[in-house]
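I have placed the structure first, in the form of C-alpha cells, so that the comments after it can refer back to it.
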Amino acid sequence: MQIDRRLLIHFDWTLLGMVLAIASLGILNLYSATAKMEMPGTPFYLKQIFWLLIGLLMMVTVAFIEYRFYSDFAYIAYAITLFLLIIVLGYGIITSGAQRWVKIGTFSFQPSEFVKISLILALAKFFHRPPHRKGYSLKQLLLPFLLLFLPMGLILKQPDLGTAIMLLFIFFSILIFVKVRWPSLLIIGLSGAGLVPLLWNFLKEYQKKRILTFFNPDMDPLGAGYHLIQSKIAVGSGGVMGKGFMKGTQCKLGFLPEQQTDFIFSALGEEWGLIGSLFIVGLYLALVLWGLRIAVQAKDRFGAIIAFGVVAMFFWHIFINIGMVLGIMPVVGIPLPLFSYGGSFMISTLVGVGLLLNVSMRRYLF
Amino acid sequence: MMELNTQRMEDFKGIYKYLVVFVGLAFLFIFIRLWSLQVIKGSDLRRLSENNCVRLRENPADRGMLLDRKGHILAHNRPSFEVYLIPEDLKSNPEVLVEVGRILNTTQDEIEQKIKAQKKRAPFKPVRIKSDIDWKELAVLESNRVHLPGLLVDVRPMRAYDYGSLASHLIGYLGEVDENELKQSKETPYRMGALIGKYGVEYRWENDLRGTDGGRQIEVDALGREIRPLGIVEPFPGNNLFLTIDLALQKTAEEAYQDKNGALVAMDPQTGRILAMVSKPSFEPNIFARNILSEEWKSLVENPHHPLQNKGIQGQYPAGSTFKIVTAIAGLESGMITPNTQFICQGAFPYGNRNFRCWKEGGHGAISLHRALVESCDIYFYQVGLKVGVDLIAHYANEFGLGKMTGISLPHERPGTVPSSSWKKKRFGVPWYTGETLSFSVGQGYLNATPLQLLMLISGVANGGKQYLPQVVERVEDIYGKKIKEYPPVELRKANVSEKTLKIVQEALRGAVNDPHGTGWTCALKDVKVAGKTGTAQVVRLPDNFKKGDMDRVPLKFRDHAWFVAYAPFEDPKIAIAVLVEHGGFGASAAAPIAKKVIEKYLNLEPSPPFKMADKQSDLDHAD
C-alpha cells in the first residue's frame with residue numbers, strides 16, 4: 001500500500017508528542033517506583049521500554065492502514081478476541097487469583113485488554129449506519145447489548161471486575177455519543193437500576209462482600225482499605241514540591257500492592273508533589289480533549305465513533321485510576337494508560353493511539 | 001470496503017461541548033482532591049509517612065469446634081499468648097533482642113533465625129518468636145513492655161484437643177498454610193502463617209471451620225507503640241461440626257487395642273454413619289496446633305508403624321477368610337453350589353504342583369456351605385472358587401464395592417484391589433493361572449481391601465445388600481446453633497444378590513459366632529446374637545509344613561494380620577464393625593475380642609467374660 005504524501009502533511013504530531021511525553025515520564029516514574037524491588041530477571045522499566053517500542057510499532061502500523069479497511073474486519077476481530085477469552089477461561093494462567101492470561105510461545109498476554117479495542121470497532125461498525133429521526137431505539141440496540149454482554153460475562157468470570165466495568169463505561173459512552181433516543185436511554189437506565197437488586201440475590205456471599213468493599217473500603221481496613229490509606233499517605237506526603245526523584249518511601253517499602261501497576265500514580269504524587277501531579281494530569285487532560293476534537297472532526301461516522309470510543313477508554317481509565325489512588329473512587333483493578341506497568345495494556349493503549357492518529361490524519365481525505 | 005457514511009455527523013458536533021464540560025469537571029474533581037491531599041493535609045500525611053505510622057494487626061477467627069454425635073467437645077480453641085517482634089523497630093534498639101531472649105529462655109541467635117526465615121514478610125509485619133508462653137513469662141514481658149520497643153504480645157486462639165490422640169486420624173491435624181494453598185484460596189485469602197486443616201475432618205471441612213479473620217489498623221508512635229486504632233474488623237468464628245462418632249464408644253475401641261496396632265471402623269449399617277474410627281498407632285494432634293517441631297515430625301514420618309496413616313481407609317490388606325463371604329455369595333448366585341453341596345476336606349488339597357492346605361490339619365471331612373463358613377474351611381472354598389471362576393467372584397466383590405473407594409469424605413482413601421483375569425493381563429501382561437483362583441477364593445493373593453471396605457461388605461450383607469455412603473459428619477451449625485448443613489444418609493448401591501442367598505450367608509455368619517466350632521466364638525454375647533467372620537491376612541507365605549501353633553515363634557513383622565468383621569444384633573443390625581489387628585495372628589484370638597467390647601458398649605450390654613463353649617477345641621484359637 002502506497003502512503004499518500006498528504007497523510008504525512010496531516011499527520012497529527014501534537015497527539016504523538018503528547019503520547020511520547022507521557023510515556024517517557026511514565027517510564028521514568030516506573031524506574032523510580034520499582035528501583036528497590038527485589039525481582040529476579042529483567043527490571044520492570046526495561047521490560048516496559050520494550051513493550052513501549054513494540055507498541056509504537058503497532059501504533060504506526062495501525063495508523064497507516066486506512067481505517068475504513070478495518071470495518072470489514074471489525075466483527076471478525078471481535079469474534080477472535082471473544083474466542084481468546086474463552087481460551088483463557090479454559091487454559092489460562094492463574095496469577096493472584098484470577099485467570100486472565102493466555103500463553104503463546106514464551107509470551108503471555110491478556111486478551112481482555114484487546115477486547116476493549118475490538119468492542120469499539122464492532123460498535124463503530126454497527127453504529128456507522130445513522131439512526132432515524134430522534135436517535136436509535138431500544139429495539140435497534142439489541143445487537144450492541146449482545147456485543148457488550150458476551151465479553152463482559154466472560155471477563156467477570158475470570159474474575160476481572162475492573163475490565164468488565166471498563167467495557168460497560170465505554171459502551172455507555174458510545175451510546176450517548178451516537179445518540180440514543182432519550183426515552184430509550186431512560187428505560188435502559190431504569191431497568192439497569194432495577195436489575196441490580198435482582199442480580200444481587202444471585203451473587204454468592206463472598207462476591208457481595210467484595211463488591212460492598214469496593215464501594216466502602218472501610219469495611220475492609222485490612223485489605224483494600226489499608227492500601228487506600230497507604231496510597232493517600234503516599235500522595236499527600238509529597239506535598240507541593242514532592243520528595244524528589246527516587247526519594248519516595250511509601251511505595252518502595254512495599255506498603256502498596258501492585259505499586260507498579262494500579263497504584264503507580266501514588267509514586268508520582270509522592271516524589272513530584274502537586275507540581276508534578278498537575279503536570280501529568282494536565283497532559284492527560286490535553287490528550288483527552290485533543291482526542292474529542294479528533295472524534296468530532298472525523299470525516300465519517302465510522303471514524304468518529306472509533307476515535308470517540310478510544311478517547312472514552314482513555315478517559316475512564318485515567319479518571320477511575322487516579323480517582324482510586326486519591327481515594328475518591330472504589331478500588332477496582334484499572335491501570336493508568338502509559339504509566340502502569342504491563343505489556344498487554346501498553347500495546348492496547350498504543351493501538352488505540354494508532355486508531356486516533358489514523359482518524360485524525362484522514363479527516364480531509366477520501 | 002464500506003462506503004463513507006457522513007450522515008448526521010451534526011449529532012456528534014452537538015454533543016461535543018457537553019463532553020468537554022464533563023471532562024473538564026472530572027479533571028477539576030481530581031485537581032481539588034490533589035490540592036486537599038497534598039496542600040491541605042500534606043504535612044499531616046508526611047508525618048505519617050515518615051514514621052510509617054500505620055500498622056496492621058491480625059486478629060484470626062476462632063476455628064469451629066468439633067463435637068461428637070452427643071455434643072461432647074472433641075476440639076475447641078483456647079487462648080494462647082504469643083510473643084512477636086517487629087524487626088524494623090529493633091534496628092535502633094538491638095538490646096531488646098537480648099532482653100527478650102533472656103526472658104523467654106532462648107538465645108539471640110534463635111530469635112534472629114526466626115526473623116530471617118520470614119523472607120517475604122511485608123514491612124513492619126510482626127514475626128512470631130514464641131507461642132503459648134506461660135503466665136510467668138507473660139507477667140515479666142508485660143511489666144517490662146515500656147522498655148521493650150518492637151515487642152508485641154498478642155492473644156491468639158489455639159486449637160486444643162482435650163482427648164489427645166483420641167480419634168486423631170478422623171479429626172486430623174492442622175499445619176501452616178503453604179504457598180500452593182495460598183495461591184488457591186483466591187476468594188478469601190489466607191494470611192501468611194495461618195494454620196489450616198491438613199488432614200482428616202479438619203482438612204475436608206476447612207471452609208466451614210475456618211471462620212472469617214479480623215484485624216486492626218492502628219497508628220503507632222516512632223517506637224512502635226500503639227496510639228489509636230484507625231479501623232477494626234472483628235473476626236467471626238467458624239462453624240461447629242457435629243461428627244457421627246460417639247466419644248464413649250471411641251474411647252472403648254481405642255482402649256481395647258491396648259498396645260496393638262491396626263484399625264477399627266464401626267458404623268450404623270442402616271445409615272452409613274461412622275460410630276468409631278480407630279487407627280493405631282495414633283498421633284497427638286495438639287503438637288500440630290502449636291506448630292510441630294521438625295524432630296517431632298521426623299519421628300512420626302519415620303515410625304515403621306505409620307502413625308500418620310488412617311489405616312481404616314488407607315491401609316490395604318488381604319481380606320483373608322472374611323472374603324469367603326463373597327466367594328459363598330458368588331457360588332450360590334451363580335448356581336454352582338447349593339446350600340447342600342458337599343465337598344470333602346482332608347486338610348490338604350493338591351492342585352498343580354502345590355499342596356493347598358486347610359487351617360485345620362485333620363480336615364473337616366464332608367462339609368457343606370453353612371459349616372464351611374462357620375468353621376472357615378479353606379478347602380471347601382478352594383473348590384467353590386474353581387467352580388465359579390475368578391471373574392465371577394470378582395464381579396460379586398465389585399457388587400459390594402470392593403476394589404473402589406467408598407467415597408468417604410476423608411483424604412487419601414485407597415481403593416484396594418480386586419483381581420480378575422483381565423486385570424492381571426493388563427497389570428502383568430500374563431494370563432490368570434487357575435491356581436491363583438484358589439488363593440483368591442479365600443481372600444489371599446492379589447486381593448487387597450481397606451478395613452472400611454470390609455465394613456461396607458459386612459454392612460451390605462447385614463442390610464439385605466443395601467450399602468450407605470460412610471459419613472463422618474452429621475451436621476454443621478453456626479455459632480448460634482443454626483443448622484447450616486446436614487448430611488442425611490445416602491444409599492450408595494444395592495448389591496444385586498437375591499434375598500435367599502443373603503439369608504443363607506447371614507445364618508452362617510451367625511453360626512460362625514454362636515455355633516459350636518464357630519471360629520468367631522470369642523465375640524459371642526449372652527443376650528444379643530452377633531453375626532461375624534474371622535480372617536487372617538498373610539503377610540508372608542509360610543512354609544507348607546508350618547504348624548499353626550508355632551505362630552508365636554515367628555518374628556512380629558512376619559506374623560499374619562488378624563481380621564474380624566461383624567454386625568449385631570442379628571435380627572435388627574444396629575452396628576457393623578471391621579477390626580484389623582496388624583500382625584495379630586488369628587482373627588478369633590486377636591480381633592474378635594476387640595469387636596466384642598465395642599459391640600457391648602454400643603448396645604449397652606454388661607461386659608461379659610468369654611463365652612465358654614461346651615466342646616471348645618483348642619485349635620479354634622488358631623482358626624483362620
Region B:322-370, residues that are modelled with pLDDT under 95, of a type in the set (Lys, Arg) and under 27 Å from B:Val581 (Cα atoms): B:Arg357, B:Lys360
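With in contact (Cβ under 8 Å) with a residue 12 or more places away in the chain, of a type in the set (D, E, K, R) and more than 12 Å from chain B (Cβ to nearest Cβ) as the only criterion, which of A:Lys139, A:Lys125, A:Lys134, A:Lys157 stands out?
On the way: A:Lys139 fails: in contact (Cβ under 8 Å) with a residue 12 or more places away in the chain; A:Lys125 fails: more than 12 Å from chain B (Cβ to nearest Cβ); A:Lys134 fails: more than 12 Å from chain B (Cβ to nearest Cβ).
Being in contact (Cβ under 8 Å) with a residue 12 or more places away in the chain, of a type in the set (D, E, K, R) and more than 12 Å from chain B (Cβ to nearest Cβ) holds for just one of A:Lys139, A:Lys125, A:Lys134, A:Lys157, which is A:Lys157.
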Lone unmet requirement of (1) outside the structural domain of B:Val581 (by TED's automatic domain parsing); (2) on the phi < 0 side of the Ramachandran plot; (3) surrounded by 22 or more Cβ atoms within 10 Å (Cβ to Cβ) for B:Ala253: (1)
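What number of residues within region B:371-426 are in a loop (DSSP other than H, G, I, E, B) and either in contact with a helix residue (DSSP H, G or I) (Cβ under 9 Å, 6 or more places away or on another chain) or not assigned by TED's automatic domain parsing to the domain that holds B:Thr341 (or both)? I'd like the intermediate steps shown before the answer.
Filtering region B:371-426 for residues in a loop (DSSP other than H, G, I, E, B) gives B:375-377, B:389, B:400-416, B:418-420.
Next, from what is left, pick out any that are either in contact with a helix residue (DSSP H, G or I) (Cβ under 9 Å, 6 or more places away or on another chain) or not assigned by TED's automatic domain parsing to the domain that holds B:Thr341 (or both): B:375-377, B:389, B:400-406, B:408-416, B:418-420.
Final tally of qualifying residues: 23.
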Some residue of region B:90-104 being at pLDDT below 85 and touching a Ser or Thr at 6+ places or on another chain (Cβ under 9 Å): no
Meets criteria (of a type outside the set (Phe, Trp, Tyr), at the interface with chain B (Cβ under 8 Å from one of its Cβ atoms), under 30 Å from B:Lys125 (Cβ atoms) and touching a residue at least 24 places away in the same chain (Cβ under 8 Å)) for A:Gly238: yes
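Hey, among the residues in region A:294-305 that are part of a helix (DSSP H, G or I) and crowded, with 23+ Cβ neighbours inside 10 Å, which one's farthest from the other protein chains (Cβ to nearest Cβ)?
Step one: filter region A:294-305 for residues part of a helix (DSSP H, G or I), giving A:294-297, A:301-305.
If we keep only those that are crowded, with 23+ Cβ neighbours inside 10 Å as well, we get A:294-295, A:302-305.
On the way: A:Ile294: 11, A:Ala295: 7, A:Phe302: 7, A:Gly303: 9, A:Ala304: 5, A:Ile305: 9 Å.
It comes out as A:Ile294.
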Selection within region B:410-455 - within 31 Å of the chain's Cα centre (by Cα) and among the acidic types (Asp, Glu): B:Glu413
Tally, over region A:321-335, of residues that are buried (at least 24 other Cβ atoms within 10 Å of the Cβ) and within 12 Å of another protein chain (Cβ to nearest Cβ): 5
Residue match in region B:54-62 (condition: under 30 Å from B:Ile484 (Cβ atoms), touching a strand residue (DSSP E or B) at 6+ places or on another chain (Cβ under 7 Å) and more than 14 Å from every other protein chain (Cβ to nearest Cβ)): yes
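Residues are listed down the side, and each one gets a yes or a no for (1) assigned to a helix (DSSP H, G or I); (2) in contact (Cβ under 8 Å) with a residue 24 or more places away in the chain; (3) closer than 13 Å to B:Ile30 by Cβ:
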| residue | (1), (2), (3) |
| --- | --- |
| A:Val281 | yes, yes, yes |
| A:Leu292 | yes, no, no |
| A:Val311 | yes, yes, no |
| A:Ile318 | yes, yes, yes |
Count - residues of region A:55-77 that are more than 14 Å from chain B (Cβ to nearest Cβ) and aromatic (Phe, Trp, Tyr): 1
Unmet criterion (only one of (1) surrounded by fewer than 21 Cβ atoms within 10 Å (Cβ to Cβ); (2) part of a loop (DSSP other than H, G, I, E, B)) for B:Asn355: (2)
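Could you tell me whether B:Gly445 is in a loop (DSSP other than H, G, I, E, B) and either in contact with an Asp or Glu (Cβ under 6 Å, 6 or more places away or on another chain) or not assigned by TED's automatic domain parsing to the domain that holds B:Gly385 (or both)?
Working: in a loop (DSSP other than H, G, I, E, B): yes; either in contact with an Asp or Glu (Cβ under 6 Å, 6 or more places away or on another chain) or not assigned by TED's automatic domain parsing to the domain that holds B:Gly385 (or both): yes.
So B:Gly445 passes the test.
Considering every residue within region B:162-176, establish whether at least one is outside any helix (DSSP H, G or I), among the β-branched types (Val, Ile, Thr) and either under 21 Å from B:Asn310 (Cβ atoms) or at pLDDT 80 or above (or both).
no
Tally up the residues in region B:275-327 that are of a type in the set (Phe, Trp, Tyr) and either surrounded by fewer than 20 Cβ atoms within 10 Å (Cβ to Cβ) or on the phi > 0 side of the Ramachandran plot (or both), please. Full working, then the answer.
Step one: list which residues in region B:275-327 are of a type in the set (Phe, Trp, Tyr), which gives B:283, B:288, B:297, B:317, B:323.
Checking which are either surrounded by fewer than 20 Cβ atoms within 10 Å (Cβ to Cβ) or on the phi > 0 side of the Ramachandran plot (or both) leaves us with B:297.
Number satisfying all stated conditions: 1.
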First in region B:129-146 and acidic (Asp, Glu), second anywhere and part of a helix (DSSP H, G or I), Cβ under 8 Å, 6 or more apart: B:Glu137/B:Ile103; B:Glu137/B:Leu104
Qualifying residue in region B:359-369 (condition: free of Cβ contacts under 8 Å to residues at least 40 places away in the same chain and part of a helix (DSSP H, G or I)): no
Region B:68-94 residues that are farther than 29 Å from B:Lys116 by Cα, paired with ones that are hydroxyl-bearing (Ser, Thr, Tyr) (beta carbon under 8 Å, 6 or more apart): B:Arg69/B:Thr244; B:Leu74/B:Tyr161; B:Leu74/B:Tyr163; B:Ala75/B:Tyr161
Any hit, region A:270-279, residues being more than 8 Å from chain B (Cβ to nearest Cβ), surrounded by 24 or more Cβ atoms within 10 Å (Cβ to Cβ) and of a type in the set (A, V, I, L, M): no
Output for region B:365-381, where each listed residue is out of contact with any His (no Cβ under 7 Å at 6 or more places or on another chain) and crowded, with 23+ Cβ neighbours inside 10 Å: B:Leu369, B:Ala372, B:Leu373, B:Ser376, B:Asp378, B:Ile379, B:Tyr380, B:Phe381
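The values are calculated or read from the model by the stated rules, or taken from the named source; none is laboratory data. Nothing here was measured: the structure is a model prediction, and the numbers come from that model. As a convention, Cβ positions derive from the backbone with ideal geometry for all residues, glycine included, and neighbour counts pool all protein chains shown.
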